[in-house]
Every structure is written in structure tokens, then in C-alpha cells.
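**Student:** This is the structure I want to talk about, given as C-alpha cells.
Taken together, the values in this text are just the output of simple stated rules run on the coordinates, not laboratory data. What you see is a predicted model; the values in this text were computed from it and never measured. Here Cβ is always computed from backbone atoms with ideal geometry, including for glycine, and neighbour counts include all displayed protein chains.
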Amino acid sequence: MAVLVFAEHADGHFKKPAFEALTYGHDLAKAKGLALHAVVVGDVSADELGKLAQYGASATHHIQHEKLSKFVEAAYASAVAEAAKAAGAQYVVLPQTYNGRAIAPRIAVKTGLALLSGVSTLPEGANNAVKRVVYSNKAIQTQGTKTAGAVITVKGNAYGVAQNAVSGSVSNLAYTPADKDFACVPVSVIKNSDKVSLTEADVVVSAGRGLKGPENWGMIDELADLLGAATACSKPVADVHWRPHHEHVGQTGIQVSPNVYIAVGISGAIQHLAGVSSSKTIIVVNKDGDAPFFKAADFGVIGDAFEVIPNLIKAVKAHKGA
Ligand SMILES: Cc1cc2nc3c(=O)[nH]c(=O)nc-3n(C[C@H](O)[C@H](O)[C@H](O)COP(=O)(O)OP(=O)(O)OC[C@H]3O[C@@H](n4cnc5c(N)ncnc54)[C@H](O)[C@@H]3O)c2cc1C
């Protein structure tokens, strides 16, 4: 019996979500006395596959087929379910990414396992009780299963990444995808940005109406570039097209939980907090000391963003140059 982790890759490279799912899978396997396996679907080099053993995968099943070189929901779900059968998986663990979320329910149906999504803790007890945030981060729910195992998606940045090196093996798993799994296929994908993805970022620099206009975002972009961060914004800023809609975070936008969320000129309305309050560290820059965001902040700077941010940029540059 095993824990099987779907090691998601982007263009043949594993990123943090895959390593975080493996770290979770490692601890789950240890707690339940199971082996840790990984499954990789698509084109990935032997060197890259070898990295998974550093995170505890004792066996990696590589499924490669010309029809699987691009992510197709139904086909990837069937491939992972096949690997789950081959590995005798009691648990299938996936990152809570767009792709992970898309295939997890299908895998649950195919394997007959219950689905636990957006999870941040290991399953406990016979009913696999886990914690997950619900109602736009307003509550924490404990959810369990009636099945002995489960398909679990791990909330990004909620569990952490740790190396647990083993001497793992990599084998090709022969699998021919079924034609029926290609009823719906992506025709083309146009990347609209090469920036760090907002949902996967360790650090997010976000700004709101306090910046007065789109022409003032240069300093936000510069700070984000220096910190290797993603950029985000409040809803009104996206509504008036100062920033693109895919940067809008909050109750009606994207929900993020980075290690560090820097909020500049954002008041901290409840609807904004709903999307960011599970960030590990929140830093607020606002000229109004009574802004509600300060109540949710770990660190706060009461000051004018047009003075604070250029000074912060100078300090980061000085630190990097040191
Ligand atoms: C149903 C519903 C859903 C919503 N969903 C979302 C959502 O998903 N996400 C979201 O963000 N909002 C959402 N909203 C809107 C939300 O209620 C707030 O109106 C919005 O978050 C406010 O955006 P803001 O903080 O950028 O602007 P403001 O409220 O105008 O705040 C600007 C802040 O900038 C500060 N400031 C001004 N000048 C400076 C300066 N020079 N330096 C430093 N600070 C300065 C001010 O003190 C102020 O605190 C929703 C609202 C509703 C009704």
C-alpha cells in the first residue's frame, strides 16, 4: 500500500507545489506506515525526475505518451488513476493548483476514494479528519471520510516544503490513453505573463486605490521584481482597469496564502481580507493609522506609500548588493 503523489510540472520542470505535495505525502506515508510513490505524466527529463527522491519518493512512475505531452484534464486524471492502481495507493495527494483541482475529483470517482480538497493538515484517526479553510477563509472546517483512504489536494503554502532524501527508483509505466478522454482538448495556450504565478508565489506585493493611478505602479513592479514576488491588487483597482483582473485578490477574486503578503495603500475591507488572511506574514503600508488592515497585520508601517516604497526598494537593493 502506498501514498501516491501527483508531481505536477510546468514544461518539464517541477515547482514548489509538487515539492509541497511530496512533503505532505512523505509525512502522511510515515504516519500511516505506507510507502511514498510519485507519478509524473508527460515529458520530463531523467535528471528532473531524479529530484523527486530528494523529497522522499521511493518509486516514481513516469507515464509518457505523445497524447499526454500537454495537460488534458480527463486524460491526466485517467493516467493518475491508473498509476494509483499500479501503486496500490490508499491515498492520492495532489497540489491544490488549477490542474490539481481539475483532476482530483475525477481521480476520486475513478478510484472510489473520498475527496478532501484544500487541506492543510494530515488526516487523523480512522475517518481521516483534516482541517481546511471554508467560506472565503472565514472558518476552518474539520472534514472526514468514510473510506479508508482519500484523494487529497494540499492547499498551497499551507504545509511547507522539506527535503527527505531517499534512494528512489524511476520506472516507465506503460499506459495508452483512451480516445474518450480527449473529447475536450486545449486548442492553444497563450501565456499573458512570465511573472511569478500569484497562487504559487512565496511573496506577493499588492496595492490598492491608495496608489492614486496606474502610472504609479512602477514602484510596485520594481519591488516585486527585486523580491521575486507576484503582484496583486484590490478589486476597485482591477474594476477601473489600473491593473489586470487576474491580479484581483479577495472574496470575489483569487485567494492567496503566500509566506509574505505586502499590502500597499489597501484599506483592508473584509472582502479583501477574505482572500489574503491565511497568508503567513502580512505587512501593511498605509498612511491612515486607523485603516482596518492594521488589525490583520503582523507588521505595519503608517506612512505615505510614495515615500515608504522607494525607501524600501533602496534598502532591498542595498541589502542585495551587500
Ligand atoms: C460583494 C463585494 C465583494 C467584494 N470583493 C472584493 C474583493 O474580492 N477584493 C477586494 O479587494 N475588494 C472587494 N470588494 C470591495 C471592498 O469592499 C473594498 O471596497 C475594497 O477592497 C477597497 O479597495 P482599496 O482598499 O484599494 O481602496 P480604499 O478603500 O479606497 O482604500 C485605499 C487605502 O489607501 C490608503 N492610502 C491612500 N493614500 C495613501 C498613500 N499615499 N500611502 C499609503 N496609503 C494610502 C487609504 O488610507 C486607504 O486605507 C468587494 C465588495 C463587495 C460589496
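**Student:** Work out the length of the dipole vector of the chain about its Cα centre, built from +1 on the beta-carbon of each Lys and Arg and -1 on the beta-carbon of each Asp and Glu, and round it to the nearest 20 debye. Kindly include the intermediate steps, with their values, before the conclusion.
**Tutor:** On the way: 29 positive and 27 negative charges, 152 e Å.
That gives a dipole near 740 debye.
**Student:** If you take the beta carbon distance between T252 and S167 as r and set R0 to 45 Å, what does 1/(1 + (r/R0)^6) give as a FRET efficiency, to the nearest 0.05? Present the calculation step by step, with values, prior to reporting the outcome.
**Tutor:** Details: r = 48 Å, r/R0 = 1.06.
Efficiency at R0 = 45 Å is approximately 0.40.
**Student:** Just grab the label-to-label distance for V187 and Q141, each label 7 Å out from Cα along the Cβ direction, in nm (one decimal).
**Tutor:** 3.6
**Student:** Right, here's the next one. What is the distance, in nm, between label points placed 7 Å from the Cα along the Cα-to-Cβ direction at D225 and at N311?
**Tutor:** That separation, rounded to one decimal, is 2.4 nm.
**Student:** Among 247-259, 211-223, what's the highest-first ranking by average C-beta atoms within 10 angstrom per residue? Intermediate values should be presented prior to the final figure.
**Tutor:** Numbers: 247-259: 20.5, 211-223: 15.5.
In descending order of packing, they fall as 247-259, 211-223.
**Student:** Follow-up question, since we're still on this one. Along the three principal axes, how long is the chain when you take its alpha carbons, biggest first, rounded to the nearest angstrom?
**Tutor:** Reported extents, whole Å, longest axis first: 59, 43, 41.
**Student:** Below 18 Å, Cα to Cα, which lysines can K146 reach? Residues fewer than 8 away in the same chain don't count.
**Tutor:** K32, K110, K131
**Student:** Could you check which residue among Y76, Y175, Y55 shows the biggest mean-square fluctuation in a GNM of the chain with a 10 Å Cα cutoff?
**Tutor:** Comparing Y76, Y175, Y55 in a Gaussian network model of the chain, the most mobile one is Y175.
**Student:** Trypsin sites (Lys or Arg not before Pro), restricted to segment 132-183: which are DSSP loop and have at most 16 other Cβ atoms within 10 Å? Intermediate results must be reported in sequence, preceding the final value.
**Tutor:** Values: sites: R132, K138, K146, K155, K180; in loops: K138, K146, K155.
Passing both the DSSP loop test and the Cβ count: K138, K146.
**Student:** While we're on this one: Pulled fully out, how much extra length does the chain show between T281 and H245, if you take 0.36 nm times their separation in residues and subtract their Cα-Cα distance?
**Tutor:** Fully extending the segment from T281 to H245 adds 10.5 nm.
**Student:** Could you work out how much longer the chain between H13 and A46 gets when fully extended? Use 0.36 nm per residue separation minus the Cα distance between them, nm to one decimal. Please report the intermediate quantities before stating the final value.
**Tutor:** Details: separation 33, 0.36 × 33 = 11.88 nm, distance 1.11 nm.
That pair, H13 and A46, stretches by 10.8 nm at full extension.
**Student:** While we're looking at this one, here's another question. For K67, give me every one of the aspartates and glutamates with a C-alpha distance below 18 angstrom, ignoring sequence neighbours fewer than eight places off in its own chain.
**Tutor:** Result set, ordered by chain and number: E8, D11, D43, E82, D179, D181.
**Student:** What are the residues whose amide H is under 5 Å from the amide H of T153, where those residues sit 5 or more places off or on another chain and H is modelled from the backbone?
**Tutor:** Residues meeting the criterion, in which the H sits 1.01 Å from N, are L94, L116, S117, G118, V119.
**Student:** Please state the shape class of segment 188-322: rounded when a/c is under 1.5, otherwise prolate if a/b exceeds b/c and oblate if not, all from the C-alpha gyration tensor. Let's see the in-between values first.
**Tutor:** On the way: a/c = 1.36, a/b = 1.07, b/c = 1.27.
Judged from the Cα gyration tensor, segment 188-322 comes out rounded (a/c under 1.5).
**Student:** Let me ask another. Hey, in the GNM for the chain with a 10 angstrom Cα cutoff, which one of A296, A89, A229 fluctuates hardest?
**Tutor:** A296
**Student:** A further question follows. Would you look at the GNM of the chain, springs on alpha carbons closer than 10 Å, and say which of T153, T199, T145 moves the most?
**Tutor:** So, out of T153, T199, T145, the one fluctuating most is T145.
**Student:** Helix-derived [θ] at 222 nm for the chain: sum -39500 (n - 2.57) over DSSP H runs of at least 4, divide by residue count, nearest 500?
**Tutor:** Working: 9 runs with 91 residues, N = 322.
Taken over the chain, the calculation gives -8500 deg cm²/dmol.
**Student:** In nm, to one decimal, how far is the S69 label point from the A35 one, both placed 7 Å along Cα→Cβ?
**Tutor:** Output for this residue pair reads 3.2 nm.
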